[in-house]
Amino acid sequence: MTSASIKSASGPARRTVVAAAGAAGLSVALTACGGSDDDSSSSSASAGTSEAASTGGTGGTGGGDNAAAGAALTTTADIPEGGGKVFDSEKVVVTQPTAGTYKAFSAVCTHQGCAVKSISDGVINCPCHNSNFSITDGSVKSGPAQKPLPEVPITVSGDSITLA
């Protein structure tokens with residue numbers, strides 16, 4: 001009788017099981033860290049918005065998913081000239097780049113889906129990886145984000161700002 005190695009045909013090798021478990025874990029982690037990097041975000045379709053007019057463009061899918069059309073957001077007095085305000089529950093940021101011009105963008109960063117948190121020095125700031133976006137058109141001022149914040153349509157009527 002010779003001594004031959006005995007191979008079990010009962011299941012995969014331990015190495016295969018460990019590798020598959022690691023790959024599955026990595027897949028879950030990458031999915032959780034994924035953002036809204038789709039190409040459906042749109043740029044501004046209008047050059048500017050003044051009192052009693054609405055912004056152009058579509059909201060895209062990059063944010064504003066919780067924002068309901070016609071929902072009152074704020075008053076014009078609450079949006080500082082050259083700055084803005086983030087509305088966390090609506091996932092919208094409203095800015096006033098110049099006197100009487102109001103813009104709204106998704107408050108979801110296009111890099112990895114974090115919520116933008118502040119506006120300073122003419123830029124919308126994402127705290128997760130320090131991406132910065134223009135308050136005028138949502139364009140990327142500094143990365144790692146590579147896509148602009150999608151514009152969200154709003155209506156300015158008198159001193160009231162509502163989602164369009």
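Quick look at the values:
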item: Given (1) modelled with pLDDT under 90; (2) open to solvent by less than 50 Å² (accessible area, probe 1.4 Å), number of the condition A164 does not satisfy; result: (2)
item: Flag if V156 is surrounded by fewer than 22 Cβ atoms within 10 Å (Cβ to Cβ) and in contact with a Ser or Thr (Cβ under 9 Å, 6 or more places away or on another chain); result: no
item: Positions within the stretch 111-146 being touching an Asp or Glu at 6+ places or on another chain (Cβ under 7 Å) and not aliphatic (A, V, I, L, M), in sequence order; result: G138
item: Complete set of residues in the stretch 103-147 that are closer than 12 Å to V86 by Cα and assigned to a loop (DSSP other than H, G, I, E, B); result: A107, V116, K117, C126, I135
item: Extreme residue, modelled with the lowest pLDDT, among residues of the stretch 53-102 that are hydrophobic (A, V, I, L, M, F, W, C), in a loop (DSSP other than H, G, I, E, B) and open to solvent by less than 60 Å² (accessible area, probe 1.4 Å); result: A53
item: Checklist (1) under 12 Å from the mean Cα position of the chain (by Cα); (2) under 15 Å from P148 (Cα atoms) applied to T136, failing item; result: (1)
item: One residue from I154, I135, I119, I124 being under 21 Å from S89 (Cβ atoms), among the aliphatic types (A, V, I, L, M) and in contact with a Phe, Trp or Tyr (Cβ under 6 Å, 6 or more places away or on another chain); result: I124
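The values are calculated or read from the model by the stated rules, or taken from the named source; none is laboratory data. Everything numeric here is computed off the predicted structure, so don't read it as measured data. Glycine gets a Cβ as well: all are built from the backbone with ideal geometry, and neighbour counts include every protein chain shown. SASA here: full protein model, heavy atoms, side chains in, ligands and nucleic acids out. Shrake-Rupley method; radii C 1.70, N 1.55, O 1.52, S 1.80 Å.
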